[in-house]
1. Assuming R0 = 51 Å, can you tell me the calculated FRET efficiency for the pair residue C:334 and residue D:167, based on Cβ-Cβ distance, to the nearest 0.05?
2. Can you compute the charge dipole magnitude of the protein assembly as shown about its Cα centre, using +1 on each Lys and Arg Cβ and -1 on each Asp and Glu Cβ, nothing else charged? Give it in debye, rounded to the nearest 20.
3. For the stretch C:2-124, what is the Kirkwood hydrodynamic radius in Å, using each pair of distinct C-alpha atoms?
4. Using a 1.4 Å probe over the heavy atoms of the protein chains, calculate the carbon and sulfur portion of the accessible area of the stretch A:37-107 as a whole percent.
5. How many Cβ atoms of partner chains, on average, are near each residue of C:324-337 if near means within 10 Å of its Cβ?
6. If you take the Cα Rg of the stretch D:146-308 and divide it by 2.2 N^0.38 Å, with N the number of residues, what do you get?
7. Can you give the angle from 0 to 90° between the axis of helix C:146-160 and the longest principal axis of chain C, with both taken from C-alpha atoms, to the nearest 10?
8. Please identify every one of the trypsin sites (Lys or Arg not before Pro) in the stretch A:149-245 that sits in a loop by DSSP and has no more than 12 other beta carbons within 10 Å of its own beta carbon.
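The values are calculated or read from the model by the stated rules, or taken from the named source; none is laboratory data. Predicted model only: the values in this text are computed from it and were never measured. Ideal geometry is used to build each Cβ from the backbone, glycine not excepted, and the neighbour counts take in all protein chains shown. Heads up: the accessible areas ignore ligands, DNA and RNA and are worked out on the full protein's heavy atoms, side chains in. Shrake-Rupley method; radii C 1.70, N 1.55, O 1.52, S 1.80 Å.
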4 protein chains.
Amino acid sequence: MRVSIVGVTGYSGLELIKILKRHPNAEVVSIHATKDIGKRLSDIYTYLKGVCDLTIEAFDSQVIMSKADLVFFATPSGIAKDLSADFVKMGFPVIDLSGDHRLPADLYEKWYQQSPASQSVLDQFVYGLSEFASLKGKTFVANPGCYATATELALIPLLQAGAVDRDSIIVDAKSGLTGAGKKLAESSHFVNVHDNYVTYKLNQHQHIPEIMQELKKADPHLDHIQFSTSLLPVNRGIVATLYCKLKATLSESDIRAIYEKSYADKPFIRLQDELPNLHQVIGSNITDIGFVYNERTQVLTVVTVIDNLVKGAAGQAVQNMNLMFGFQETAGLNLVPAYV
Amino acid sequence: MRVSIVGVTGYSGLELIKILKRHPNAEVVSIHATKDIGKRLSDIYTYLKGVCDLTIEAFDSQVIMSKADLVFFATPSGIAKDLSADFVKMGFPVIDLSGDHRLPADLYEKWYQQSPASQSVLDQFVYGLSEFASLKGKTFVANPGCYATATELALIPLLQAGAVDRDSIIVDAKSGLTGAGKKLAESSHFVNVHDNYVTYKLNQHQHIPEIMQELKKADPHLDHIQFSTSLLPVNRGIVATLYCKLKATLSESDIRAIYEKSYADKPFIRLQDELPNLHQVIGSNITDIGFVYNERTQVLTVVTVIDNLVKGAAGQAVQNMNLMFGFQETAGLNLVPAYV
Amino acid sequence: MRVSIVGVTGYSGLELIKILKRHPNAEVVSIHATKDIGKRLSDIYTYLKGVCDLTIEAFDSQVIMSKADLVFFATPSGIAKDLSADFVKMGFPVIDLSGDHRLPADLYEKWYQQSPASQSVLDQFVYGLSEFASLKGKTFVANPGCYATATELALIPLLQAGAVDRDSIIVDAKSGLTGAGKKLAESSHFVNVHDNYVTYKLNQHQHIPEIMQELKKADPHLDHIQFSTSLLPVNRGIVATLYCKLKATLSESDIRAIYEKSYADKPFIRLQDELPNLHQVIGSNITDIGFVYNERTQVLTVVTVIDNLVKGAAGQAVQNMNLMFGFQETAGLNLVPAYV
Amino acid sequence: MRVSIVGVTGYSGLELIKILKRHPNAEVVSIHATKDIGKRLSDIYTYLKGVCDLTIEAFDSQVIMSKADLVFFATPSGIAKDLSADFVKMGFPVIDLSGDHRLPADLYEKWYQQSPASQSVLDQFVYGLSEFASLKGKTFVANPGCYATATELALIPLLQAGAVDRDSIIVDAKSGLTGAGKKLAESSHFVNVHDNYVTYKLNQHQHIPEIMQELKKADPHLDHIQFSTSLLPVNRGIVATLYCKLKATLSESDIRAIYEKSYADKPFIRLQDELPNLHQVIGSNITDIGFVYNERTQVLTVVTVIDNLVKGAAGQAVQNMNLMFGFQETAGLNLVPAYV
């Protein structure tokens, strides 16, 4: 499997490089960006010396299609919708890590404030939440957002089981700074983040529509959720804390059974006995889920943690590639959590 | 005003030293602890050289009553309930920063798992949430907990106004590590906290009963809240994120009016236009409150931030002293947020 | 004393606001910046609500001279040299926190790569290292750089005493991120600083010439030092670790005597028995100095710590104002270290 | 290759688990500790669920020798010297990550203040600085300390080349907190480390004698170095900043040639063009070396960075295992730096 990466110098692109380096069935054959063309990646990111010494090339869909079997887009929003057109036309496999192919045209336009890809192209993309998508043999995959991944993995089993009071769902999600990308901004200046906790984009985060879209597949009558996003002073990680009221008759063991059923054969989902913390998953493709149920008030608290750059981006993209092409689901991804 | 501090070597005791150093009407005349007796405080905490060079003394209620006009207890739970007995008997002013005098005997025993002070003594203590307590002329004050302060200041105005669906209240509270005290524990080891976010004591934090007690004063029919506590990788600060459903007819400006009415003449409460972050209050006695209301779902999100060692402990204790003795409420407390 | 601040929105300008707020003899009467003119400072920095609600004005030297008795420049390098011209002409007091008036014209041009103020203007400025400068009655003061302050306070006493092997001086200095200013840059992006330690500008930091200039006043035969600068993942603070060989006959008590003599009556310098750490001074105008002498190898290690925004910038500027105008040296500056 | 790990619950033991998980030629067959015996490792460290579900056993040398081909000691100092006796007697391969077998008996006793292993046992151990040791076919290896590894890799080539003024060597070394182990202490409490920089054990760190021992192999006339150790507020990483005067005739390209010659065929040493930072190596077994030479003052500054738990402990131990048993040197160690 020969792969190309477009947008290699972003956090997700670099994480793809690191993961694919160890993949037994895949090899990166070309890398593309809009600047530093002609330089070796390891001349710019010297920590990659000896890890990836490929030269950065300008984007050229024909060259990619001649060299590779699959292209990853790890570009900011608004790029892949245009650059992927040639691949879609030719039926050449695409995994898009950006938000460009996750939503129908009207919702994309509203939440991303950019003109969308054509609806006919969008219709060809499958939303790749690995644990719930059917990807074998698919050609075009829209990789989920990081907040969306953590939130959907916590909620879909509960909604599928009809366990939740639909009007009660609150998600208090927190992210490390790599989730915000490399763009220089006051909000990512060290001094403003360190020793701080900043809540932003309340009910306005662009992952909300894709979350609602996927949750509605599990429960078509769901109308809304409350979704809060905050920045933690860490580099990596997403913590999604979910609160919801459950139907009266449920017990803690029912909830456990619901999750166990959904994730029985899923290699990257672990149901923990305690509420998980970030350390448990950083550096890995694992999603840890823990919960506490208050039977008196019927409030269920679920904490889901992922590494935003792995399960929330590059790791899930490789997991999806594995599923699309029939490799072992964990190939290249037996990443052990770094813990410390 | 001459004051003594018992438990001077804890975080709250040291913060009292720093604040009282600048108080125009108060002077620390004796400091007490259980170890390092006979040493100067500044020999142990060399950063206090020239700031406080008093010698640490063993606790002796008679000596304190002979030297001072007021005693602060900044001791861990389970100490002040015994050591304050002599002062109470003699009507000597006490401000207890610990949890020993906040709850009725039965609740204290249940949540702190220690034998309580006698109910007759407990009855003489006033719960000192400065903005709502009537402290002028009072002799015995139980200073609120840090999580409790942030939570109560967010909720009391809403409950007093009858604005909240009582079954809907969720508080997702976060604290810096000084809130956990100086005791050595795995949970406060640097490696376990740094780059992490740990949710603990879900629905089991010992501040819950004092919060319920105070909220019920505002709304006697309130039965329960969901209360989550997590550790942020910072030294100081509490963020309390409150979610609740409001009564259908309310608008954003109604909510603003409710808060403005409650805090019109309160020098340390600021109603902000944006959701506040931790930086805005650290180093000061200020409580910043911001909110976002979703009229469609009727979910109100309120973010309240305080410095846990100032408004959440020593600062509020000094504010309470000021109120008890008729000093200017802000005396010694015109602390400017450090921001960075 | 009425003061104006030019460049109020930088870290040093805001720190001046906070310090002067408590000064018994000074009041900020106007604040100036190049953007956000017409807005209240507390509308931009909401943490200053109630602390400083002045409106930001465009710079106008005539207005400042009509309203104020002194102007602080807290501007980036390259601004004060031009904007201060009118004040110098009129003999109106100026304290410049930037690097514009610390060096002779040729050195400024070389190290700052900008055209300098005229040499005749530069000659009128006194370099304001408070503990060694003679400032009473002076009108124009060039406030020292933060690295320079920590380094000079460690070295000048040793050089004055003729204790040091001149060819042996190595300074390994570390700074928090506020030292790098607010400018957005990859080097101050949270992700690049957090969990990292970056050494930069080795032997090329622009504070080197002012350090050499001041050290040569203490020892005209000094020719060079090795000066390294690194970024610590903290917001505030400078640690200057000095290594030097001493003349053979000296003992540890001689070194102590040298420092004690230099700093006997200096209210902000503390000679500690242990090597100091950053926590001991953050939030204060204090410089802590500690040392270890290895008699066998004759290597002296001195660790000096300051808060870069206080003693390294705004605090020393106010200390200099106090000295210039005959106020108590500590007026407005009895800041207690925050410690935690 | 079947291996046992004694002291599995420390940072180095857990890192061994993670690294060996991916080793193509090795399998962990038993894990040993002094507490939690009978529990699964993944019940205590839930982040290892599915990664290592082995049960912790009490130490038993006979059992280990019956099950495994090699034993790693990842114990605190003072344990392996006793527990390894049986293995040494039987000629069973041992890699000791602790300090117990690095020094001759008298130096161990002096610096570790414990009774040493017998000199005859100590004589059978080889000091395993992978790049300079000759390990093929060896049975007993003393793995170097983390500070020692970084320092020796910077200095040995220079000393071997006779390039350095022997009286001028200063090492200003910094470490993350995992280097200090898991023991609870005030010095590792989050509040004391965060936002701080603490210099400790100046000239007294127990790695000094092993550094001197190894440096003297390169230059028998070397008498002393200045060695400073400080704690950085990060979890992982060592930065060793070396200052030394070089012989007059050397140029920057000579120095580069010296390092290139020493490390030409060493897969884990990278000579960088810029001074390296911690991010470049964390998570990997790589040592990055960069330098700046000041020809005027003849001061060479070398910055060496490693991950203290990988190249400074478990990674180098596995590298040594590979060398002892003739596996590929990089087997199991193609760890990519995590960067962020």
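1. Calculated transfer efficiency: 0.65.
2. Its charge dipole is roughly 0 debye.
3. Answer for the stretch C:2-124: a Kirkwood hydrodynamic radius of 14.9 Å.
4. Roughly 55 percent, rounded to a whole number.
5. Whole-number average of other-chain Cβ neighbours for C:324-337 is 2.
6. 1.04
7. 40 degrees
8. When the trypsin sites (Lys or Arg not before Pro) of the stretch A:149-245 are filtered for loop state and at most 12 Cβ neighbours within 10 Å, A:183 remain.
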